Every structure is written in C-alpha cells, then in structure tokens.
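Engineer: Mind looking over this structure? Questions follow.
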Amino acid sequence: MDKFVITGGAPLNGEIATSGSKNSALPALAAALLTEETVVLHRIPRVRDIRTMERLLVDIGTEMSVDEETVTMQTARIVSPEAPYELVKTMRASSLVLGPLVARAGRARVSMPGGCAIGARPIDFHLSGLRHLGAEIFQEHGYIEAVAPNGLKGTEIVFDRITVTGTEDILMAAVLAQGETVIINAAREPEVVDLAALLTKMGAEIQGAGTSVIRVKGVAKLGGATHEIIADRIEAGTFVVAGAITGGDLRITGCVAEHLGALVAKMQSAGVKVTTPDATTVEVQSGGALHPADMMTEEYPGFATDLQAQYMALMTQADGISIIEETIFENRFMHAQELMRMGANIRLDGRKAIVAGRSQLTGAGVIASDLRASASLVLAALVARGETVIDRVYHIDRGYENIEAKLSGAGATIQRVE
C-alpha cells in the first residue's frame, strides 16, 4: 500500500496545469452506453475511479481504446447489464450506469455502490426517479435491479434534495424515454451541464441544464459524438489552496475560473491574494496576513463540499477562530482528527468545526480516510515542520492525477513510497 512522504516548509511557486474533471468524466463514460455508435471523449484524467469505470463498461459490452487522455468507445450490444460488487465496491459512481442501462437495455443490475466513508449518499433518489419513469425496482443480496421491458415514459420528477449523481442518472435515462421528462430541483453543477452538452451532441433534446429545472424530450435513438471534458474544479481549487497555505506564488492553468467563484471569494475575504487574470487561470500570490473566514458548504454555485477539507487545512494557519459548517454530508470531518495529530486546534460540534489558528503544524504519521480528506492532509503536510507520512493514498489516487508530480514541479518535497 503506497504512502506519501512529505517534508514541509517550502512555498509553492510556478505553474500547475489542471486535468480533466473526474466527476464529469464518469457520467460521460456511462453515457456511451446509450448508443451503439462511437463516442470519443478527450481530457479524461487517468485516475483510479476512471479505470474502474472503464473496466465496468468493458464488462457490460463496450469496445474501448485508450490513447493517453482520449477514450474511444463503442457499445454495439449490451452483453451484460450488470455492475458486480467485486468491480465497483470502491466507487460510488457505479450507480451512474443504472439510468443508461435501463433506458437502452430495459434492465440493469447494479451492486450497492461503495467508495468514501463520508456519510450517506442515498441512491434512493436515483431509484425513485426511475420508478417515476416506469421502471420496476427490486433490491436483494446487496444488488439493485431495475426492469423496464416496455421502455421508460417521460414524467415529472421532483427531487426532495439536490443530488448531482441522481440528476445525472435520471437525465441519462430520460433522453431515451417516451415523451417529455421534467426534472425539478435538479443539480446545477458544471458537471451536469457538461453531461447535457455531450448528450445534446449525441442527439438528445435537453433544455435548462445548469438551472434547477431541466426539460428532456425523449428521442428514439442517440448517435455518436466527440466531446472534451471540462477542467476539474476540485483539483484546481486544491492547488489554489496549496499555493495559499504555503505562502507561494502559484499559477493554476487550464481551469474554468468561473467554476471556482465561491472558493476565490472566500479566500479573498480571508486575506489571500488570489486573482483570475483570464477565464482559464487562477493566480495566488504571497504576502498578506491570513485571517479567519467562516464557511458553509452548499450546492453549486455555493462553496463545494469537496473543498471543505482543504479549506479547513488553510484555516489552521489563519490568525483567529473560524467556523466551518458541512451541510451536504454528515460524516465529512474525519480529516479533522488527523489534522489534530499534526497540531491543529479543532473542535467538532455536530456539523460544525471550530478551527483556532494559527497552529504550528508538525509532521506526523496520518491516515487518509477519503478522497478529499487525503488532499487536506497533503496540504497540511506542505506547511508542517518536519516530515509527514500519509498512509492509504489510494484514496487520493481515486481523484487526483499525478498529484505528487504536479506538486514536486512547483517546489514541494513529496515522494511516493511503497
């Protein structure tokens, strides 16, 4: 099991390029199941979750070729409409094949998804939406089976709570349903908009992506398409925080600055010199005192829950007390305990974390509990005195492409050891 060994204290300087979005690539890969024609996706990050999804699609019947960050797929026939536990136990995004399989093959059997232990991500929203579209749902032995032998029929679907993967799954199911589907209280995340753009290229009729109401007019058949995945706003945001916490001068390129609006605004209110010189670049400059700024996670365009752990690491270096409130997941403060092992002063109160800075962090042995928690530990290690050893970095490999190489290129002392 790999570990990261990091020696802190060096400011990050220079430039780091942003990879394609993992959270956008996963539903885009699943969308290739909706057609028998060829789908070509560019800017696919080579991370663990992507490789798992690719293996799953091949098992289902997709012929696939991978050339660096380009994936070419054709699913002429659904061979096995199933996502087995052995393959998807580490990836919650496996539920994204439910909608496409039911829509095209009339049947799907998917293991209850695994992944990070950050709290409930109820798949009930996916299942309720599919039921409204006319599918029959069965659950036993850890599997969910959805059956719609006569096809899906458009309807109105109201999500009780905003759900990104639920919106994406139902959107993919609705494009081949008979009639019109209206998704109310839909997620507005850029990843949903990117999926809708791909589906539209494939021949789907979609209106309202990026708003809380999405209208889909079902079509009989979808065709092939070529599409480039958007930049990973969470990776870019992580590096923005890395520049700030180390007091460096760092330029993040190839991102979508607009997607980072909530993070940039919050960091500016905390005294960080961060600017967006153009639409695809964010710059962090050294200088200026870091002071506390309270933060609450929200659905897009609010502050992303996937950047909460990284922001907590930053606030350990602010002069004063900040309150961080997690509203999306109920168990997403597991990194706090590890940060405390490094010397952070954090008190947990339900869904709130009270962070008292400025803490002199010191290197320690810590364990990554989930994808974004592991990123926060890397950030803390970059500013800590001495050497930090981070165990279970397979979590970070699920969503960050060559993070140690990117950080090393900007001056970090970080190496991967087996």
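Engineer: If you go through the stretch 194-214, how many residues are surrounded by fewer than 18 Cβ atoms within 10 Å (Cβ to Cβ) and either modelled with pLDDT under 95 or closer than 18 Å to PHE159 by Cα (or both)?
Structural biologist: Looking only at that region, the number is 6.
Engineer: Show the residue pairs that are 6+ apart or on different chains and have beta-carbon atoms under 9 Å apart, the first residue being within the stretch 31-59 and surrounded by fewer than 17 Cβ atoms within 10 Å (Cβ to Cβ), the second being modelled with pLDDT under 95 and of a type in the set (A, V, I, L, M, F, W, C).
Structural biologist: ARG55/LEU87; ASP59/ALA83; ASP59/LEU87
Engineer: Follow-up. Being surrounded by fewer than 19 Cβ atoms within 10 Å (Cβ to Cβ) and either closer than 15 Å to THR35 by Cα or in contact (Cβ under 8 Å) with a residue 12 or more places away in the chain (or both) is the filter here; which residues of the stretch 69-87 pass it?
Structural biologist: GLU69, THR70, THR72, GLN74, ALA76, ARG77, VAL79, SER80, PRO84, TYR85, LEU87
Engineer: Mind telling me which of the residues LEU382, LEU377 ends up being in contact with a Gly (Cβ under 7 Å, 6 or more places away or on another chain) and in a helix (DSSP H, G or I)?
Structural biologist: LEU382
Engineer: Taking the stretch 138-171 only, how many residues are under 16 Å from SER95 (Cβ atoms), among the polar types (S, T, N, Q) and in contact with a Ser or Thr (Cβ under 9 Å, 6 or more places away or on another chain)?
Structural biologist: 1
Engineer: In the set ILE354, ILE324, ILE346, which member is surrounded by fewer than 17 Cβ atoms within 10 Å (Cβ to Cβ), touching a strand residue (DSSP E or B) at 6+ places or on another chain (Cβ under 9 Å), in a strand (DSSP E or B) and touching a residue at least 24 places away in the same chain (Cβ under 8 Å)?
Structural biologist: ILE354
Engineer: Enumerate the pairs (first residue in the stretch 224-239 and closer than 23 Å to ALA204 by Cα; second residue anywhere and small (Gly, Ala, Ser) and part of a helix (DSSP H, G or I)) with beta-carbon separation below 6 Å, excluding pairs fewer than 6 apart on the same chain, so at least 6 apart or on different chains.
Structural biologist: ILE229/SER24; ILE229/ALA25; ILE230/SER24
Engineer: Using the structure shown, decide if ILE123 is within 26 Å of ILE44 (Cα to Cα) and modelled with pLDDT under 95.
Structural biologist: The answer is yes for ILE123.
Engineer: Within the stretch 397-413, can one find any residue that is of a type in the set (A, V, I, L, M, F, W, C), under 21 Å from GLY248 (Cβ atoms) and without any contact (Cβ under 8 Å) to a residue 24 or more places away in the chain?
Structural biologist: Within the stretch 397-413 (the criterion being of a type in the set (A, V, I, L, M, F, W, C), under 21 Å from GLY248 (Cβ atoms) and without any contact (Cβ under 8 Å) to a residue 24 or more places away in the chain), the answer is yes, since at least one residue qualifies.
Engineer: Only one of (1) over 21 Å from PRO100 (Cα atoms); (2) touching a residue at least 40 places away in the same chain (Cβ under 8 Å); (3) of a type in the set (A, V, I, L, M) is not met by VAL264, so which one is it?
Structural biologist: (2)
Engineer: Just checking, how many residues over the stretch 234-255 are out of contact with any Ser or Thr (no Cβ under 7 Å at 6 or more places or on another chain) and either more than 20 Å from GLY409 (Cα to Cα) or not polar (S, T, N, Q) (or both)?
Structural biologist: Number satisfying all stated conditions: 10.
Engineer: Could I ask something else about it? Kindly evaluate GLY179 against the criterion of being of a type outside the set (S, T, N, Q), at pLDDT 95 or above and surrounded by fewer than 24 Cβ atoms within 10 Å (Cβ to Cβ).
Structural biologist: Here the answer is yes, as GLY179 does meet what is asked.
Engineer: Among the listed residues ALA242, ALA187, ALA231, ALA197, which satisfies the condition of being touching a Phe, Trp or Tyr at 6+ places or on another chain (Cβ under 9 Å) and closer than 30 Å to ILE403 by Cα?
Structural biologist: Being touching a Phe, Trp or Tyr at 6+ places or on another chain (Cβ under 9 Å) and closer than 30 Å to ILE403 by Cα holds for just one of ALA242, ALA187, ALA231, ALA197, which is ALA187.
The values are calculated or read from the model by the stated rules, or taken from the named source; none is laboratory data. In this text the structure is predicted, and so the values were computed from the model without any measurement. Cβ coordinates were reconstructed from backbone atoms using ideal geometry, including for glycine residues, and neighbour counts include every protein chain displayed.
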